[in-house]
Amino acid sequence: MMYIQEGGVKLSVVNEVGKEAVVAILGPADFLGEGCLAGQEIRMGTATAIVPTTILVIEKNEMMRVLHAEHALSDRFMAYILSRNIRVEEDLIDQLFNSSEKRLARTLLLLARFGAESQPQKVHPKISQEMLAEMVGTTRSRVNFFMNKFRKLGFIRYNGGLHIHSSLLSVVLHE
């Protein structure tokens, strides 16, 4: 398994006809490949660095040993796994019940780590509209349409990168 020390990674899956879906964007302090701890032998997707990234590779046996020996790490890892599970459930609910506009707004807020940091962060410029479309489950042209709408409404701005304003929450919260 791996631990991201710096940078960012996209997790994606490809179906049998070659359509790619981005299922997560991970950053510093995130783990990936943790399925091996539960006996998962085949990777479900692909991890690709989207910026210069430093990753610590941890062998399964070593991770198991450390989880048993180091209670602080075990507690931190368990909290990470539970929060990631909650996020996957929220993503599924979002995909099933929300419009592509709401899904895009939520994705942008999550990419900016809105609510997880004291101030929302600038979204890395390597996140293209095509990648956003793959994450949201829509077309690039729809993402472009909504991004222009969000910009005109003052929810986002482009200036050396994509900046997300807290006012974008109104799109997610509005019924």
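In this entry, GLU41 passes the filter for residues that are at pLDDT below 90, outside any strand (DSSP E or B) and open to solvent by 50 Å² or more (accessible area, probe 1.4 Å). Of everything listed in (1) farther than 25 Å from VAL172 by Cβ; (2) among the aliphatic types (A, V, I, L, M); (3) part of a loop (DSSP other than H, G, I, E, B), the single unmet condition for ILE4 is (3). Scanning segment 44-78 for residues that are open to solvent by less than 70 Å² (accessible area, probe 1.4 Å), out of contact with any Leu (no Cβ under 8 Å at 6 or more places or on another chain) and more than 30 Å from GLY161 (Cβ to Cβ) yields ILE58, ALA69. Filtering segment 135-157 to residues that are within 24 Å of VAL13 (Cβ to Cβ) and open to solvent by 40 Å² or more (accessible area, probe 1.4 Å) leaves GLY137, THR139, ARG140, SER141, ARG142, ASN144.
Every residue in segment 71-95 that is within 16 Å of ALA29 (Cβ to Cβ) and touching a helix residue (DSSP H, G or I) at 6+ places or on another chain (Cβ under 9 Å), please. Working first, answer last.
Initial filter on segment 71-95 (within 16 Å of ALA29 (Cβ to Cβ)): 72-84, 87.
Answer for segment 71-95, where residues must be within 16 Å of ALA29 (Cβ to Cβ) and touching a helix residue (DSSP H, G or I) at 6+ places or on another chain (Cβ under 9 Å): LEU73, SER74, PHE77, MET78, TYR80, ILE81, ARG84, ARG87.
Say whether the condition of being among the hydrophobic types (A, V, I, L, M, F, W, C), closer than 30 Å to ALA133 by Cβ and either assigned to a helix (DSSP H, G or I) or in contact with a strand residue (DSSP E or B) (Cβ under 7 Å, 6 or more places away or on another chain) (or both) is met by at least one residue in segment 52-62. For segment 52-62, residues among the hydrophobic types (A, V, I, L, M, F, W, C), closer than 30 Å to ALA133 by Cβ and either assigned to a helix (DSSP H, G or I) or in contact with a strand residue (DSSP E or B) (Cβ under 7 Å, 6 or more places away or on another chain) (or both): present.
Need at least 2 residues that are at pLDDT 85 or above and of a type in the set (Asp, Glu) per element, so show me which helices (runs of 4 or more DSSP H) inside segment 72-175 make the cut, counting only ones lying wholly within it.
Values: elements: 100-111, 129-136, 140-152, 169-173.
Qualifying helices (runs of 4 or more DSSP H): 129-136.
Starting from residues that are small (Gly, Ala, Ser) and under 20 Å from the mean Cα position of the chain (by Cα), keep the ones in segment 132-175 and report whichever is farthest from PHE97 (Cα to Cα).
Of all residues in segment 132-175, those small (Gly, Ala, Ser) come to 133, 137, 141, 154, 160-161, 166-167, 170.
The next check asks that each one be under 20 Å from the mean Cα position of the chain (by Cα); those that pass are 133, 137, 161, 166.
Details: ALA133: 17, GLY137: 13, GLY161: 30, SER166: 23 Å.
Looking at the filtered set, the residue picked out is GLY161.
Look at LYS19 and say whether it is in contact with a Cys (Cβ under 6 Å, 6 or more places away or on another chain) and either farther than 22 Å from THR139 by Cβ or open to solvent by 30 Å² or more (accessible area, probe 1.4 Å) (or both). Walk me through it before giving the result.
Values: in contact with a Cys (Cβ under 6 Å, 6 or more places away or on another chain): no; either farther than 22 Å from THR139 by Cβ or open to solvent by 30 Å² or more (accessible area, probe 1.4 Å) (or both): yes.
Considered against the rule, which asks whether it is in contact with a Cys (Cβ under 6 Å, 6 or more places away or on another chain) and either farther than 22 Å from THR139 by Cβ or open to solvent by 30 Å² or more (accessible area, probe 1.4 Å) (or both), LYS19 comes out as no.
In segment 158-171, the residues that are loosely packed, with under 15 Cβ neighbours inside 10 Å form Cβ pairs under 9 Å with partners that are in a helix (DSSP H, G or I) and at pLDDT 80 or above, at six or more places apart or across chains, as follows: TYR158/MET147; TYR158/ARG151; SER166/LEU109; SER170/ALA105.
The values are calculated or read from the model by the stated rules, or taken from the named source; none is laboratory data. Every value quoted in this text rests on a predicted model; they were computed, and no experiment measured them. A quick note on method: Cβ atoms are made from the backbone with ideal geometry, for glycine too, and the neighbour counts reach across all protein chains shown. Each accessible area value is taken on the protein alone, full model and side chains, heavy atoms only, with ligands, DNA and RNA left out. Shrake-Rupley method; radii C 1.70, N 1.55, O 1.52, S 1.80 Å.
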